[in-house]
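The values are calculated or read from the model by the stated rules, or taken from the named source; none is laboratory data. What you see is a predicted model, and the numbers here were worked out from it, not measured in a lab. Note that we place each Cβ from the backbone using ideal geometry, even for glycine, and neighbour counts take in every protein chain shown.
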Amino acid sequence: MSFSLDNICYTWITIPILLITTFVIYFKWKYTYWEKHNVPFIQPQIPFGNLENSFKRKTPPCIEAKNFYHEFKSKGAKHGGIYSFGTPVYIPIDLDYIKNILSTDFQYFTERGRYYNEKDDPLSAHLFNIGGKRWRSLRTKLTPTFTSGKMKTMFLTLLECGKILQNAVEESYAKTKPVEIRNFAWKFTTDVIGSCVFGIECNSFANQYADFPKYGKMLLKGSPWEAARMAFIFSFPNLAKSLGIRRFDKRATDFFTNIVKDTVEYRESNNVRRNDFMQILIDLKNTPTVDVEGDGEALTMEQLTAQCAIFFIGGFDTSAAAISFSMYEMARNHEIQQKVRDEINEIMVRYDGKLTYDGLTELKYMQQVIDETLRKYPSLTILNRQCVETYKIPNSDVTIEKGTQILIPLMGLHSDPDYYPDPDRFDPERFSPENKKARNSFSYLPFGNGPRNCIAMRFGIMQVKTGLCMLLKNYKYSINPNTKEPLELDMGVMCCAKDGIWLDVAKI
């Protein structure tokens, strides 16, 4: 009996020891990857690799990536390697390396390497995530959506949403209340995207269709469980797909799926047409087009829904962040704020007192302010790519193997003093025509670069400019004491102020 108990005790002790030992040996073996490939690396820690701080929510992912960039740059490295748990991740530092990956040698890096699960999570199979021929085909179909002509037809919708924003500021001023500019920007962009993409008048300031921002934020939320889930699907994408793990919350998926389905059915049943993104997508669904891949296929309802979702995510949060951070910096720099306001008034005089699409394109100094805002606070803080074919880095003995994940830390790149002296200072003159011309264009990548750059860049800029015009034309702003400075960033995937940005409003 004692022999049997001894064996049981021995087994209960031995098995965990063997499992732990195997676990440690496995990770130590995985952590030799970059050393074997002659790439500088930051010493990882089992089992998190180099992502312990962001995984435990001690540091926002964008700041952790920024720190990686500056650590490699400080050592004179042209590139570096980190680990996401056991997955090697390559970080290019040299601008020529970045240019090769995004543009010159794009054929080796056509994938973003982002997880999507079309079977269990159809919303995740959107243009931003998919790759290969499917991406090329869909990109070709969607590119006409964002021509200048299409932008011009949608500008009147933006203008109407801007007037609602302006009225909301007036109400706050009348009540002598500060505005939480991030929340105001969110409501404005929700109204714009709700109308331009879904054909629905959200009227967010009256809290109609409150589900739009609710489910939009749900798609972007960050939490301890979310961090663990994202780390798992990044490190083990094939296993995640086989387990049916979703990228998006099912409640949000169901909400957007039903909204799109109802909108499409209503328009087709009642022969309703509008000058918006939804109509363009419906036309693509009903009209097969032969593209560069020669597929001649129409857009499916699942594809249509996925594109609506990513248009909403991209237009709702990124533009709202650009507006709120621009307003924050202008509230801290009154001379810059006044210069932008003077430019708005000058352009409106030129166009008979009206804000027009053509006038918007002539707001050159405002564009510099937006550019500087996106340098300091890029909405998308990391660019991802994946190597699809083994690639030898020119003029080096380093090879990037097929399947390797690539990470370009934009906050690191945009805060590099070699390109932007005194990078913490907000200075729109960095983006004057002469200064832009003198600087390598790959040192500034808020919309990416190359064939997989942001397809909706022009729409995003138009939305931000419209919002800023409506906010600044009749009011001036200063920092309210409720704003906690220095700003602390949220732990989510986007660059966002954790505690909000409160501004005092004064009428001009």
In segment 43-88, residues that are outside any loop (DSSP other than H, G, I, E, B), out of contact with any strand residue (DSSP E or B) (no Cβ under 8 Å at 6 or more places or on another chain) and of a type in the set (Phe, Trp, Tyr) total 1
Just wondering, is there one or more residues in segment 254-271 that are in a loop (DSSP other than H, G, I, E, B) and modelled with pLDDT under 90? no
Looking only at segment 334-367, which residues are within 31 Å of the chain's Cα centre (by Cα), within 13 Å of Leu468 (Cα to Cα) and either of a type in the set (S, T, N, Q) or not assigned by TED's automatic domain parsing to the domain that holds Asn474 (or both)? Gln337, Gln338, Gln367
In segment 336-360, how many residues are over 21 Å from Val179 (Cβ atoms) and assigned to a helix (DSSP H, G or I)? 13
I want to confirm something. Restricting to segment 361-387 and keeping residues that are of a type outside the set (D, E, K, R) and part of a strand (DSSP E or B), which single residue is surrounded by the most Cβ atoms within 10 Å (Cβ to Cβ)? Leu383
Scan segment 478-486 and give yes if some residue there is among the hydroxyl-bearing types (Ser, Thr, Tyr), crowded, with 22+ Cβ neighbours inside 10 Å and outside any loop (DSSP other than H, G, I, E, B), otherwise no. no
Residue ID - farthest from Thr305 (Cα to Cα), chosen from residues in segment 118-152 that are among the hydrophobic types (A, V, I, L, M, F, W, C) and part of a helix (DSSP H, G or I): Met151
Flag for Thr390 being at pLDDT 95 or above, of a type in the set (Val, Ile, Thr) and surrounded by fewer than 20 Cβ atoms within 10 Å (Cβ to Cβ): yes
Output the number of residues of segment 425-446 satisfying the condition of being part of a loop (DSSP other than H, G, I, E, B) and free of Cβ contacts under 8 Å to residues at least 40 places away in the same chain. 2
Of those in segment 212-246 that are closer than 22 Å to Glu52 by Cα and charged (D, E, K, R), the residue modelled with the highest pLDDT is Arg229
Report, by residue number, each residue of segment 226-253 that is of a type in the set (D, E, K, R), assigned to a helix (DSSP H, G or I) and touching a Phe, Trp or Tyr at 6+ places or on another chain (Cβ under 9 Å). Lys241, Arg251
